[in-house]
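Taking it in order: structure first as structure tokens, then the write-up.
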Amino acid sequence: MRSSVVCVSLSVFVLSLAACGGDDSDLASPADCDGPLQLTVQDNGSQPHQLMELSPSVGDVVTLDLTMDTDISARVDGDSPQSQSVPGMRFGLEVTVADVSDDEIDLTFVYDDAGFDGDPMVQDALDALVGVTGNLTVTKAGAFVQGGFDAGQLAPELGELVDQFDRQLADLTIPWPDEPVGVGAEWEVVTSVEVAGIGFCNVASYELLAFDGDDYELGIGVEQQALPSSLEESGVSIEVLRGSNTSSGSSRGALSEPMAIWGTSETTGSMEMKVEYDGETMTQEVESTVSLQIEPRG
């Protein structure tokens, strides 16, 4: 029975951990995440300075390929850890600019490919993603406004996986400062997010490494702390006791495009939770390393 609990809880939390995070001593407290997105410019960078605003045109299309590789180590009630490498997952995504207003950009997207280098049954499940559509709205300054998958298209068991890639799609929308900046600029963004029913406090640090008036390159670091949370999943009651992650990577794109079209990151994280199932209570610790790459197709 215990091994089944490990499998169920891993299905929830490994996908959640793929977001981003850091060392507990340096992470923001839950109070820091109250309210809307907080963006603080720490350095405006060198001249010339420019106000960074997205300027795509209605009908523009970007086609992206996303790949994710995961290594997991789980320990139950202090037993020896069990390690597992999850075969790579691949997703294809087509994003179209549906509308551009004075302040916001509306995008639609469709998953046009999905692959898994492992169990054919998992591949069959992922095949259900192909053709699934959704929408995403961002400000011209790149801040995420809203987004999600169109209702009724997905099997419930794919929910946590889809939540993860939905967040990664949102993360492609870089929140730019509302004041002019140049190469070398640095800013910090504090937000709260929810993935698979778990709340997280995110602190993201950005550095503008290169910019030619349109094309840009960013260095990105993210620290994340899981907020106290409880949820039910497949008959299992889970209470998050602690959790933190740290991520580093880079991203490239152009202001004339609706989002960054290239990115790579590596995230390491740990989470401790109390799990109740079939009258038994145990403590589970999960450590994970997740590598993510996003690149334009062709």
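Nothing in this text is a laboratory measurement; each read-out follows from the coordinates by a stated rule. Since this is a predicted model, take the numbers as computed values, not measurements. As a convention, Cβ positions derive from the backbone with ideal geometry for all residues, glycine included, and neighbour counts pool all protein chains shown.
Quick one: if the Förster radius is 22 Å, what FRET efficiency do Glu179 and Ser57 give, using the C-beta to C-beta distance and rounding to 0.05? So the FRET efficiency works out to roughly 0.30. State the extension gain, in nm to one decimal, for the chain segment bounded by Ser73 and Glu104, taking 0.36 nm per residue of separation less the distance between their alpha-carbons. Going from the current span to full extension adds 7.0 nm. Got a sec to turn the phi values of region 254-266 into Karplus ³J(HN,Hα) couplings, 6.51 cos²θ - 1.76 cosθ + 1.60 with θ = phi - 60°, whole Hz, x for Gly and Pro? So the J values, rounded to whole Hz, are 9, 5, 7, 9, x, 6, 4, 10, 9, x, 9, 8, 10.
Just how far, in whole angstrom, is region 63-119 from region 122-147 if you go by their alpha carbon centroids? If you average the Cα positions of each part, the centres end up 10 Å apart. Placing unit charges on each Cβ (+1 for Lys and Arg, -1 for Asp and Glu) gives region 184-261 a dipole about its Cα centre, and among Ala260, Asn245, Gly235 the Cα reaching farthest toward its positive end belongs to Gly235.
Here the label points at Leu227 and Val130, each 7 Å from Cα along the C-beta direction, are separated by 3.9 nm in the simple model. Note on Ser83 and Lys274: their simple-model spin labels are 3.1 nm apart, each label 7 Å out from Cα toward Cβ. The phi-based Karplus calculation (6.51 cos²θ - 1.76 cosθ + 1.60; θ = phi - 60°) puts the 3J(HN,Hα) values of region 136-149 at 8, 10, 10, 7, 5, 7, x, 6, 5, 9, 6, x, x, 8 Hz, whole numbers, x for Gly and Pro. For the peptides 207-216, 118-127, 60-69, 282-291, the ranking by mean Cβ contacts within 10 Å, running from highest to lowest, is 282-291, 60-69, 207-216, 118-127.
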